[in-house]
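What follows is a short report on a single structure.
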Amino acid sequence: MTNTKVLLDPTSESAPSERTLAVRPKTLTGLTVGLLDISKERGDIFLNRLEEKLTDNGMKVLRFTKPTFTKPAPVDLRYEIASKCDAVIEALAD
Amino acid sequence: MEFNSRQIELAAQEDTYEAMFERLWTDGLPVVPPTAERVRKMLEGTSRLADEIVVSVPPNLIECTVEKIAINAVMAGCKPEFLPVVISALETICTEEFNMHGVLATTMSVGPIFVVNGPVSRDIGMNSGINVLGHGNRANSTIGRAIQLVIHNVGGGGPGGIDRSTLGHMGKQGFCFSENELSSPWPSLAESRGYSSSQNVVTAFTGEGPRLVMDQKSRTPESLIRTLAEHLISTVSSRVVLGMDAMLVLSPEHAARFHEAGWSRDRFLEEITENMMINTDNIIAGSNGIEEGLPAELKEMSLPKFRPGGLLLAQAGGPAGLFSAIIGGWLNGPAGSEPTSKEILL
């Protein structure tokens, strides 16, 4: 069966395959912020505290977890975060 | 087989068609997802190797492989047997002579137009009959589209970027047709340019959208040729002479007037040229209250509308209808674009 999820690039490949960064929000008030746990020890402690702070300041928080910190986030996870959140904070705790 | 092109992974939830729009890979219409499987099948349509560099694509002059062309041909909706025509057509326009960069960048409403001659046009099911300059035939529609997608995706030339056309025209989506060779006693466009009838040839011409010429009453070639000449004189501007070419697409019923009277193709072109001599007094700047026109020093002259060879003639169209079509050109010569032909390598 055809896998329509992997496509061959029709361009000259002079631009990065990933699209450019979104415009930075001027304020986070009222926005949905994703918190991405990269699955490293104690990252959750940091993110739990951030969630409290953000929620207290009127933001909606969604939590996500990478399967492993040793590899890039899977494309499905990146798509889910991008489609549900206005901003994302990634915890690089240790 | 291994591909040299980068592989782009999309999320399972992501709409493939929307993702291709977001990545600006399209010409405004949906494209077929270029999966490895489809591209592999497309490459079976040519005897050339996938990694062969065939053209340097303007405007960014990017070296382009057969594989990249195949990817864009998949997206355009081509069948594998169309690929050789797409590749050879790109070879005609990515040249100094044709000047695709200029054709793209001009504010005039022109684009590359392709006429395919020879057995391949019939083998791959191209249309030379009813609605020949319109939609509805897969080969006609997708070959021209694939070429434009290569210019857009590989060359980096898109509307609003290097493409500065004030108005554009729908044929810029892809404009390709074949000539009705078998029912005409006259040599084809390709034969008039030095090829034999058994050769497969693509000819590229820079042109605007087609315009109808109606003459339903002429029963003699002498009358009909005057109608055709009268319309051709106004091509692009009735005040432009010699600087721009045109293509005349003669329909079967109009062509029959000349065939039945025993006119040859050469005689047709000679007589139409004689009927397109222009008295420059009528088109000098300021004449008839119109500021556009020729400089005053060219008054009291008789000039032909087109340079020698500047009127290209193709025969195509449905069997009924006393109409032909004119496709106006762009700046000709070394500063503009020359009509360019090439044999198709299958």
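Bear in mind these aren't lab numbers, they're just calculated from the coordinates by the rules spelled out. Please read all numbers here as calculations on a predicted model, not as lab measurements. No Cβ is skipped: glycine too gets one built from the backbone with ideal geometry, and neighbour counts run over all protein chains shown.
Sum up the charges of everything whose Cβ sits under 13 Å from the Cβ of B:Phe306, counting Lys and Arg as +1 and Asp and Glu as -1, but leave B:Phe306 out.
On the way: positive: B:Lys305, B:Arg307; negative: B:Asp245, B:Glu270, B:Glu274.
Surrounding charge for B:Phe306 is -1.
Hey, rough spin-label estimate for B:Lys41 and B:Glu274, points 7 angstrom out along Cα→Cβ, what's it come to in nanometres?
Using points 7 Å along Cα→Cβ, the separation is 5.7 nm.
Would you mind ranking A:Lys26, A:Lys5 by Cβ crowding within 10 Å, fewest neighbours first?
Details: A:Lys26 6, A:Lys5 17.
Taking fewest neighbouring Cβ atoms as first place, the list is A:Lys26, A:Lys5.
When Cβ neighbours within 10 Å are restricted to other protein chains, what is their mean count per residue of peptide B:54-66? It would help to have the intermediate numbers written out before the result.
On the way: counts 0, 0, 0, 1, 0, 0, 2, 1, 4, 1, 1, 0, 0.
Going residue by residue through B:54-66 and averaging, the value is 1.
Quick one: which residues, 5 or more positions from B:Val55 or on another chain, have an amide H under 5 Å from its amide H? H modelled 1.01 Å from N in the peptide plane, none for Pro or chain starts.
Placed amide hydrogens put B:Cys64 under 5 Å from B:Val55.
What does the charge add up to near B:Ser178, with Lys and Arg as +1, Asp and Glu as -1, over the other residues with Cβ less than 11 Å from its Cβ? Numbers along the way, then the final one.
Numbers: positive: B:Arg122; negative: B:Asp123, B:Glu179, B:Glu181.
Net charge in that neighbourhood comes out at -2.
Based solely on its DSSP helices, what 222 nm [θ] is calculated for chain B when runs of n ≥ 4 H residues each add -39,500 (n - 2.57) and the sum is averaged over all residues, nearest 500 deg cm²/dmol? Could the numbers behind the result be given before it?
On the way: 11 runs with 100 residues, N = 346.
After summing the helix terms and dividing by residue count, I get -8000 deg cm²/dmol.
Over 28 Å between C-alpha atoms is what I'm after, so list which of A:Lys40/A:Lys60; B:Lys172/B:Lys217; B:Lys68/B:Lys172; A:Lys5/A:Lys84; B:Lys79/B:Lys172 land there. Could you put the intermediate results ahead of the total?
Values: A:Lys40/A:Lys60 24 Å; B:Lys172/B:Lys217 33 Å; B:Lys68/B:Lys172 20 Å; A:Lys5/A:Lys84 20 Å; B:Lys79/B:Lys172 20 Å.
The pairs that break the limit, which is 28 Å between Cα atoms, are B:Lys172/B:Lys217.
Using only Cα atoms, find the angle between the long axis of helix A:43-56 and the longest principal axis of chain A, and express it within 0 to 90 degrees, rounded to the nearest 10.
Once rounded, the angle reads 70 degrees.
Report the longest stretch of chain B that contains none of the GluC sites (Glu not before Pro) sitting in a DSSP loop with at most 15 other Cβ atoms within 10 Å.
Here the longest segment lacking exposed loop sites spans B:98-290.
Just want the ordering: B:Cys78, A:Cys85, from fewest to most Cβ atoms lying within 10 Å of their own Cβ.
On the way: B:Cys78 27, A:Cys85 20.
Exposure proxy ranking, most exposed first: A:Cys85, B:Cys78.
Which shape class, rounded, prolate or oblate, goes with the stretch A:32-91 when its Cα gyration tensor gives a ≥ b ≥ c as root eigenvalues, a/c under 1.5 marks rounded, and past that a/b bigger than b/c marks prolate? All intermediate terms of the calculation are to be shown ahead of the outcome.
Values: a/c = 3.39, a/b = 1.25, b/c = 2.72.
Here the stretch A:32-91 falls in the oblate category.
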